[in-house]
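Here is the structure we will look at, set down as structure tokens.
The values are calculated or read from the model by the stated rules, or taken from the named source; none is laboratory data. Here the structure is a predicted model, which is why all the values come from computation and not from measurement. Counting neighbours? That spans all protein chains shown, and the Cβs are built from the backbone with ideal geometry, glycine included.
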């Protein structure tokens, strides 16, 4: 699933070509993705100008000049790509945005776990998709004190806790592994032991990893592409993720281990992370 850096990369790529343009046409090539497209979607957005494209958690938000917000989620395999003029449609191009300057953006989603909906901007904060979410790790509301308070008394592992969207949004499996390695914290450690000094190390580690991933265009495994069609490159900078049995880059005599936590693969160095 695209994680925070991949979604941020998509938003930045779309902003370059879509901000300030009007939606001349919205083609829905099926009735639904993960959920049905809401009634009136096409009528609500056709002719509206896109004022701003930004991210909330792992959602792409498009602020329109008619006081509506388009909400998109890429699901497991979705991507939004600026199509070359005249390029034939692909099988899984389910939504087509066409702007007043004939720019065409295609929402391609083979597994159809994504979504596209809209809401009045005044109702965005209370929307069911967002009202339960914790702070954004790149925002001012996320700091060691906030993380410490959220983890106090939690018996789950810190790796599992970082994937809980009520604690912090968008970190995801790859970046949780990488952040814990950078902070020198074992993914098996109970979340309740993190408040205090360990949180002081973990918060900046999370921020740094995410910012570096965004600068690299995210991580491309199977499906992620930037809107330009380019692949992300952060997978070449992974320290632990996807490296079981390979030497730790800090201590070459120690091999990276893989365990399963909450049904997800976790990668870590047993020497560096305690």
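Looking at segment 160-173, which of the residues that are free of Cβ contacts under 8 Å to residues at least 60 places away in the same chain and not in a helix (DSSP H, G or I) is surrounded by the most Cβ atoms within 10 Å (Cβ to Cβ)? Spell out how you get there, then give the answer.
Filtering segment 160-173 for residues free of Cβ contacts under 8 Å to residues at least 60 places away in the same chain gives 161-162, 164, 166-168.
Next, only the ones that are not in a helix (DSSP H, G or I) stay: 164, 166-168.
Working: 164: 17, 166: 10, 167: 22, 168: 27.
Per the criteria, the residue is 168.
Within segment 25-33, can one find any residue that is within 30 Å of residue 175 (Cβ to Cβ), buried (at least 18 other Cβ atoms within 10 Å of the Cβ), more than 12 Å from the chain's Cα centre (by Cα) and at pLDDT 95 or above? Scanning segment 25-33 turns up at least one residue that is within 30 Å of residue 175 (Cβ to Cβ), buried (at least 18 other Cβ atoms within 10 Å of the Cβ), more than 12 Å from the chain's Cα centre (by Cα) and at pLDDT 95 or above. Scanning segment 119-159 for residues that are closer than 27 Å to residue 37 by Cβ, outside any loop (DSSP other than H, G, I, E, B) and in contact with a strand residue (DSSP E or B) (Cβ under 7 Å, 6 or more places away or on another chain) returns 119, 120, 121. All conditions in (1) modelled with pLDDT under 95; (2) more than 23 Å from residue 243 (Cβ to Cβ) hold for residue 130, with the sole exception of (1). Residues that are in contact with a helix residue (DSSP H, G or I) (Cβ under 9 Å, 6 or more places away or on another chain), part of a loop (DSSP other than H, G, I, E, B) and farther than 30 Å from residue 166 by Cβ do not occur anywhere in segment 46-63.
Out of the residues in segment 77-118 meeting the condition of being part of a loop (DSSP other than H, G, I, E, B) and within 20 Å of the chain's Cα centre (by Cα), tell me which one is surrounded by the most Cβ atoms within 10 Å (Cβ to Cβ).
We begin by selecting, within segment 77-118, every residue part of a loop (DSSP other than H, G, I, E, B); these are 77-78, 83-92, 100-103, 109-114.
Filter again for within 20 Å of the chain's Cα centre (by Cα), leaving 77-78, 109-114.
Details: 77: 18, 78: 29, 109: 27, 110: 17, 111: 13, 112: 16, 113: 15, 114: 25.
Top of the filtered list is 78.
The single condition among (1) modelled with pLDDT under 95; (2) touching a helix residue (DSSP H, G or I) at 6+ places or on another chain (Cβ under 7 Å); (3) surrounded by fewer than 17 Cβ atoms within 10 Å (Cβ to Cβ) that residue 140 does not satisfy is (2). Residues that are more than 24 Å from the chain's Cα centre (by Cα) and outside any loop (DSSP other than H, G, I, E, B) were ranked within segment 4-24; the one that is surrounded by the most Cβ atoms within 10 Å (Cβ to Cβ) is 23.
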